[in-house]
Amino acid sequence: MASAPLKNCFHRDGAGFLWCEGVRVKSLQEDLSRRLPRPSCSPFYLYSLSQVRHNVSRYKEALKTLPNPHVLGYSLKANGNLEILKTLRAMGCGAVTVSGNEIRLALTAGFSPDSIVYNGNGKQDWELELAVRVNCLINVDSDFDLRHVRSAADTVRQRARVLIRINPDIDPRVHPYNSTGLASSKFGLECSQLPGLLEKVRRWPAQLQLVGLHCHLGSTITDVSLFRDVVSVVSAEMESVRSQGFHDLRYLNMGGGLGIDYLRQQDSTNPSPADLVSSIRDALTDKNICLILEPGRSIIGDAAILVTKVIGVKGNGKKRFVVTDGSMTEVIRPSLYSAYHHIQLTEPSQAEDPTEQEYDVVGPVCECGDFLGKDRTIPTPHEGCGLVVFDVGAYCSSMASNYNMRIRPAEVLVDGATWRFIRRPETLEDMTRCYTGLPPDSFSIQD
């Protein structure tokens, strides 16, 4: 895979150096090493603003071809960087959240409360009360969730706008951890359970306003016909529910999950937002339905790379390893899902013998599962050589950890030929702050 092409905002110059838009990555590494103390200068996440804008524009242009009203809701769990969120809000995106603190973050980023969707299979009371109070759309996940929403509406004395999440039992054919629409999923409910929930909604008109249905099959989906199946199933259910007197039913939330080209192959046939929209157009028979999409990965995934430095090269048995200062604490997906991320050097190798060989690219974390890529054919790098992991914009920084007391790294945004920090690197003081200022007394339980 070493010869896979670079796409979009990333390119190489004639001397073999990697660039992000108008910034040479090697030069940026050197600049950060002067501006930041060790260990804060490496690794770091590097984003392309033009790529983010391009990805949003592709969705918006595709959605314009539909006669239906629509909401493009960005899934915050993919990447919740505040500066990225402000950019997406300015481009007209809504926000899709899965926790109370994500709702708060969306509000901080300036999203209108009525453009915020709140999902989740285990919403807490305080989260529901916040969601009802600010008038979010709430996707109801179960019978107990509906009861909890009703209770929250009573508490804040405000009617809640709700959708009901149904599982069509369609197999998205992805990693099991990314599959969420099967009958056995912990999310949503089977269509056969819908009548029972509708009866409860009918009994609680002062607390609940049913405004739509929701479905989400999963993530990394590359067969857009599955999205058509979803829209067909949910459209039929909406027609049935409306016939039972629920005339406020307006939203068809089809979720997200469009995959991206992690392999970065020359002949990739990975579907685009236009392909997704084309697949569902004929299934939207009611032109008054407002369609909600919830993309995350396909908005931010390919807009970022993890920039690391090579610590050294070693061999054990028949295996050879490139050890970098980046690890599973910054990019957990390979360890968690056996996911593939393309890997390349940022510069020509200065090793004594820079010929291409097969390596496992690993980090310094004290786990055998700490790897960024296995069996990768790359030039043998010199110590200190730059190495990047591509397509880390989604589910990497948002899933980063402090395991082994590693600091979560800086996040840098490139806009043309300039760059700026959009998140500073953590410090040891950040990590230990929660251990300070504790009450000195011991407590006993008061019954």
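For the stretch 259-287, enumerate the residues that are under 25 Å from residue 212 (Cα atoms) and in a loop (DSSP other than H, G, I, E, B).
284, 285, 286, 287, listed by residue number.
Restricting attention to the stretch 81-98, does a residue exist that is touching a residue at least 12 places away in the same chain (Cβ under 8 Å), farther than 30 Å from residue 387 by Cβ, surrounded by fewer than 17 Cβ atoms within 10 Å (Cβ to Cβ) and of a type in the set (Ser, Thr, Tyr)?
No, there is no match, as no residue in the stretch 81-98 is touching a residue at least 12 places away in the same chain (Cβ under 8 Å), farther than 30 Å from residue 387 by Cβ, surrounded by fewer than 17 Cβ atoms within 10 Å (Cβ to Cβ) and of a type in the set (Ser, Thr, Tyr).
Taking the conditions exactly as written (assigned to a strand (DSSP E or B), out of contact with any helix residue (DSSP H, G or I) (no Cβ under 7 Å at 6 or more places or on another chain), hydroxyl-bearing (Ser, Thr, Tyr) and closer than 20 Å to residue 40 by Cα), does residue 308 satisfy them or not?
Taking the combined requirement at face value, the residue satisfies it.
Mind checking whether some residue in the stretch 207-214 is touching a strand residue (DSSP E or B) at 6+ places or on another chain (Cβ under 8 Å), β-branched (Val, Ile, Thr) and modelled with pLDDT of 90 or more?
yes
Name the single residue, out of those in the stretch 240-273 being hydroxyl-bearing (Ser, Thr, Tyr) and within 28 Å of the chain's Cα centre (by Cα), that is surrounded by the most Cβ atoms within 10 Å (Cβ to Cβ).
Going through the qualifying residues, I end up with 251.
Just to be sure before I move on: is residue 229 over 30 Å from residue 304 (Cβ atoms) and either at pLDDT 90 or above or outside any loop (DSSP other than H, G, I, E, B) (or both) in the structure I sent?
Criteria met by residue 229.
Mind listing whichever residues of the stretch 293-320 are aliphatic (A, V, I, L, M) and either at pLDDT below 95 or in contact with a strand residue (DSSP E or B) (Cβ under 6 Å, 6 or more places away or on another chain) (or both)?
Selection gives 293, 299, 303, 304, 305, 306, 307, 310, 311, 313.
Please tell me if residue 61 is among the acidic types (Asp, Glu), out of contact with any strand residue (DSSP E or B) (no Cβ under 9 Å at 6 or more places or on another chain) and either touching a residue at least 60 places away in the same chain (Cβ under 8 Å) or closer than 20 Å to residue 248 by Cβ (or both).
Spelling it out, residue 61 is indeed among the acidic types (Asp, Glu), out of contact with any strand residue (DSSP E or B) (no Cβ under 9 Å at 6 or more places or on another chain) and either touching a residue at least 60 places away in the same chain (Cβ under 8 Å) or closer than 20 Å to residue 248 by Cβ (or both).
What number of residues in the stretch 145-180 are more than 20 Å from residue 336 (Cβ to Cβ), at pLDDT below 95 and surrounded by 15 or more Cβ atoms within 10 Å (Cβ to Cβ)?
Of the residues in the stretch 145-180, 5 are more than 20 Å from residue 336 (Cβ to Cβ), at pLDDT below 95 and surrounded by 15 or more Cβ atoms within 10 Å (Cβ to Cβ).
Could you check residue 402 against (1) buried (at least 16 other Cβ atoms within 10 Å of the Cβ); (2) farther than 20 Å from residue 321 by Cα; (3) not aromatic (Phe, Trp, Tyr) and say which number it fails?
(1)
May I ask you to verify whether residue 121 is closer than 27 Å to residue 55 by Cα, touching a residue at least 60 places away in the same chain (Cβ under 8 Å) and of a type in the set (S, T, N, Q)?
No; evaluated as a whole, the condition is false for this residue.
On the basis of being in contact with a strand residue (DSSP E or B) (Cβ under 9 Å, 6 or more places away or on another chain), in a loop (DSSP other than H, G, I, E, B) and crowded, with 17+ Cβ neighbours inside 10 Å, does residue 425 make the cut?
For residue 425, the condition - in contact with a strand residue (DSSP E or B) (Cβ under 9 Å, 6 or more places away or on another chain), in a loop (DSSP other than H, G, I, E, B) and crowded, with 17+ Cβ neighbours inside 10 Å - is met.
If we keep just the residues of the stretch 308-359 that are basic (Lys, Arg) and farther than 21 Å from residue 27 by Cα, which is surrounded by the fewest Cβ atoms within 10 Å (Cβ to Cβ)?
318
Would you check which residues across the stretch 39-89 are of a type in the set (D, E, K, R) and closer than 17 Å to residue 330 by Cα and list them?
77
Scan the stretch 223-239 and report the pairs whose first residue is farther than 16 Å from residue 292 by Cα and surrounded by fewer than 19 Cβ atoms within 10 Å (Cβ to Cβ) and whose second residue is at pLDDT below 90 and of a type in the set (Ser, Thr, Tyr), with Cβ atoms within less than 9 Å and a gap of 6+ or a chain change.
Within 9 Å, the pairs are 239/285.
Kindly check whether there is at least one residue in the stretch 331-338 that is modelled with pLDDT under 95, farther than 28 Å from residue 35 by Cα and hydrophobic (A, V, I, L, M, F, W, C).
Within the stretch 331-338, one or more residues are modelled with pLDDT under 95, farther than 28 Å from residue 35 by Cα and hydrophobic (A, V, I, L, M, F, W, C).
I need the full set of residues from the stretch 301-327 which are among the hydrophobic types (A, V, I, L, M, F, W, C) and within 30 Å of residue 53 (Cβ to Cβ), in order please.
Hits for the stretch 301-327 are 303, 304, 305, 306, 307.
Of everything in the stretch 367-408, what is closer than 24 Å to residue 314 by Cβ and in a loop (DSSP other than H, G, I, E, B)? Give them in sequence order.
Answer for the stretch 367-408, where residues must be closer than 24 Å to residue 314 by Cβ and in a loop (DSSP other than H, G, I, E, B): 367, 368, 369, 370, 380, 381, 382, 383, 384, 385, 406.
Whether any residue in the stretch 125-142 is modelled with pLDDT of 95 or more and more than 21 Å from residue 207 (Cβ to Cβ) is what I want to check.
no
The values are calculated or read from the model by the stated rules, or taken from the named source; none is laboratory data. Just so you know, these numbers come straight off a predicted model, no measurement behind them. Glycine gets a Cβ as well: all are built from the backbone with ideal geometry, and neighbour counts include every protein chain shown.
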